[in-house]
Structure formats: structure tokens, C-alpha cells
1. Limited to the range 1-27, what total is found for residues that are open to solvent by 100 Å² or more (accessible area, probe 1.4 Å), free of Cβ contacts under 8 Å to residues at least 60 places away in the same chain and not basic (Lys, Arg)?
2. If a residue has to be of a type outside the set (A, V, I, L, M, F, W, C), in a strand (DSSP E or B) and open to solvent by less than 30 Å² (accessible area, probe 1.4 Å) to count, how many in the range 98-115 make the cut?
3. Identify the residue in the range 62-77 that is among the aliphatic types (A, V, I, L, M) and within 11 Å of the chain's Cα centre (by Cα) and, among all such residues, is farthest from VAL113 (Cα to Cα).
4. Restricting to the range 31-79, give me the number of residues that are of a type in the set (A, V, I, L, M, F, W, C) and open to solvent by 20 Å² or more (accessible area, probe 1.4 Å).
5. Would you confirm, using the coordinates I've provided, whether GLU60 is over 20 Å from THR14 (Cβ atoms) and either at pLDDT 95 or above or out of contact with any strand residue (DSSP E or B) (no Cβ under 9 Å at 6 or more places or on another chain) (or both)?
6. In the range 84-97, which residue that is of a type in the set (Val, Ile, Thr) and open to solvent by 20 Å² or more (accessible area, probe 1.4 Å) is nearest to ASN59 (Cα to Cα)?
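The values are calculated or read from the model by the stated rules, or taken from the named source; none is laboratory data. In this text the structure is predicted, and so the values were computed from the model without any measurement. Counting neighbours? That spans all protein chains shown, and the Cβs are built from the backbone with ideal geometry, glycine included. What goes into the accessible areas is simple: the full protein's heavy atoms, side chains included, and nothing from ligands, DNA or RNA. Shrake-Rupley method; radii C 1.70, N 1.55, O 1.52, S 1.80 Å.
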Amino acid sequence: ERWSVLNGITAQVTTTGTARPVDSEVEFALLRAAQEALANVARHAHATRVRLTVSYMENEVALDVRDDGVGFDPSQPEQGFGLVAMRQRITALSGTLQVESEPGGGTAISACVPILPALVRS
């Protein structure tokens with residue numbers, strides 16, 4: 001809510017699946033990815049809406065950030081350090097980062113990181 005007020009962009013946050021604790025490195029990487037994605041929306045997208053979804057699945061957790069902004073051509077070399085750093089953090093955890101965008105079509109960033117099952121105690 002505070003980010004929305006500060007930037008004048010409506011943000012919606014959704015969680016799917018059963019939220020559960022994840023490794024602190026995974027949590028940090030996804031938090032930084034969300035922060036960087038929101039910073040990019042505020043700086044570059046000229047969006048009116050952004051939606052963040054955190055999805056807990058059996059063996060992975062995913063973060064999706066989608067905006068309705070101006071988009072960009074993802075085939076062009078990355079201009080800043082934001083997407084590069086995001087990709088490095090996620091891939092360092094054996095995860096994947098996908099960026100989908102097109103001029104005039106908004107942007108979608110999806111980060112997915114595997115999570116280890118809880119240890120079974122006898």
C-alpha cells in the first residue's frame with residue numbers, strides 16, 4: 001500500500017498455495033527480485049497497475065510480477081544492473097528467471113526457486 005501511494009500505481013499482492021517457511025537465502029532472493037521489479041515499474045514502465053503473486057508449490061516457490069506498462073524489447077541488451085542482479089541471485093539458487101515483454105504490452109517477470117522439503121523427524 002505504501003509503495004502504491006508513493007508511486008501512484010495500484011499494486012495487488014496475492015499468495016497461492018500454502019505459505020510456509022523457506023530457506024532464508026530463497027526468501028532474500030525473492031524479496032530482492034520483488035523490490036527490483038517494483039523499482040523498474042516505478043522508474044520505467046509508466047504503468048497504472050502491477051500485480052505480484054507468490055506461489056507456493058510442492059517443490060518450489062515462484063514470484064510473478066506483471067505490469068500494464070509500456071513494456072520493452074527483451075531481445076535488446078540489458079541496460080541496467082537490475083535484471084542482471086535478479087537473474088544472478090535466482091540462478092545461484094538453481095532457480096530460473098523469465099522476462100516477457102514487448103513494446104506497448106507491459107512486462108512479466110517470473111522467478112522460480114526450488115525449495116527443499118522439510119526434514120522428516122522420527
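1. 7
2. Going through the range 98-115 one residue at a time, the tally reaches 3.
3. Within the range 62-77, the match that is farthest from VAL113 (Cα to Cα) is VAL65.
4. 8
5. no
6. For the range 84-97, the residue satisfying everything is THR96.
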